[in-house]
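The values are calculated or read from the model by the stated rules, or taken from the named source; none is laboratory data. Nothing here was measured: the structure is a model prediction, and the numbers come from that model. Counting neighbours? That spans all protein chains shown, and the Cβs are built from the backbone with ideal geometry, glycine included. Accessible surface is based on the protein model in full, side chains and every heavy atom, while ligands, DNA and RNA are left aside. Shrake-Rupley method; radii C 1.70, N 1.55, O 1.52, S 1.80 Å.
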Amino acid sequence: MTVVGPFGLSVRDQALEADVQAGLAAVEEGLLEATKSDVPFITEAAQHLVRAGGKRFRPLLVMLAAQFGDPYAPGVVPSAVVVELTHLATLYHDDVMDEAEKRRGVDSANARWGNSVAVLTGDFLFARASHILADLGPEAVRIQAEAFERLVTGQILETAGPRDGRDPIEHYLDVLAGKTGSLVAVSGRYGAMMSGADERTVDILTHYGERLGIAFQLADDVLDIASDSHESGKTPGTDLREGIATLPVLHLRAQAAATGSAADLELCEMLDGDLTDDALHAEVLRRLRAHPALEQARRDTVRYAEEARATLAPLPDCYAKAALENLCDAVVHRAG
């Protein structure tokens, strides 16, 4: 069993490992080529996050899904470049909206060059992704457009918050389905579609990607609180400090409202305080780590990962299917 890629996926077959490694290497080359400009400053800004690395979770899924058809088909690698460029573009925009100072262990683009450059660089990446898509056919363009609409809708819903009477947890999960699940679903869909897999297989891998994408983001939510390392690519408690209500916090608030527990209500009040204060931030983090809400968020992560695994059942048993199942385990392990 071999570990493939930064995500740490276990692969049981040397031929599959070779295919995936070669595909990911080609994606890296494609990303660097796609982010070149005749203007050196644009190249520097556009390649800033490419060179910072990342798990390449979405391209990895494209490569695995392509195993159910012809993994060497000409559209496989370009489609993986498209989904990663789109993902990277959203990170530039997210960092502006969140006023983030760090991303993947380096200064964020907005911290380094200002908000205007960061937003425009994200737009540049979207343009380059669209240029590649144009060569993949109208169906690929339509799929990307629909996914991008869902992604933006998810971001708007997050900004607007739940409407009156809507369960905040249900609202949050809908946000994640749009913001994260949509593009991961496209990764599974592109890999299968570009490889020439049959329509049923394409549908299965699309649904698998959506559930896995939500699980992936929920694992990040858990890591933000539970981890003492930098596994998530951010300093632990970053979301707390920025006032982002992730799933563990939403579960805490729901439990506090349901039980009226004095300790829970006090912790909610602390969450509403000034978490730029290091002492308060550390205390909130300590108490959340010991709270049942964190374990509930872990259970939700496992549930979505298991739902992703269950969608794979109709596919024929093979090393690629096993690798996709292992990817569910890898996501859960991150939240463990």
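General remarks:
- Spread of Cα-to-Cα distances over 5 Å intervals beginning at zero, given as percent, for segment 182-336: 2, 9, 17, 18, 15, 12, 10, 8, 5, 3, 2, 0
- Across all Cα pairs in segment 282-336, the calculated P(r) in 5 Å bins from zero up to the longest distance comes to 5, 18, 21, 17, 13, 9, 7, 5, 3, 1 percent per bin.
- Added length on full extension, which subtracts the Cα-Cα distance from 0.36 nm per residue, residue 272 to residue 18: 86.5 nm
- Comparing 75, 209, 260 in a Gaussian network model of the chain, where Cα atoms under 10 Å apart are tied by springs, the biggest mean-square fluctuation is seen for 260.
- Take the Cα of residue 170, step 7 Å toward its Cβ, do the same at residue 135, and the gap between the two points is 4.6 nm.
- Under the Karplus curve 6.51 cos²θ - 1.76 cosθ + 1.60, θ = phi - 60°, whole-Hz ³J(HN,Hα) for segment 21-35, x wherever Gly or Pro sits: 4, 5, x, 5, 5, 5, 5, 4, 4, x, 5, 5, 5, 5, 9
- Pairwise label distance in nanometres, residue 127 with residue 282, each label 7 Å out on the Cα-Cβ vector: 4.7
- Rounded if a/c under 1.5, otherwise prolate or oblate - segment 88-225, Cα gyration tensor axes: oblate
- Measuring spread by the Cα atoms of the chain yields a radius of gyration and Dmax of 20.0, 61 Å.
- When the Gaussian network model of the chain links Cα atoms closer than 10 Å, the mean-square fluctuations of 176, 91, 61 top out at 91.
- Build a GNM of the chain with springs between Cα atoms under 10 Å apart, and of 303, 163, 211 the one that fluctuates most is 163.
- Simple spin-label estimate for residue 25 and residue 52 gives 2.7 nm between the two label positions (7 Å along the Cα-to-Cβ direction from each Cα).
- In the full protein context, segment 48-196 carries 42 Å² of accessible surface per residue, based on a 1.4 Å probe and ignoring ligands, DNA and RNA.
- Largest first, the residues 318, 328 sort by 1.4 Å accessible area into 318, 328.
- Point-charge dipole on Cβ atoms (K/R +1, D/E -1) for the chain, about Cα centre, debye to 20: 460
- One compactness figure for segment 11-105 is 1.19, namely its Cα radius of gyration divided by 2.2 N^0.38 Å.
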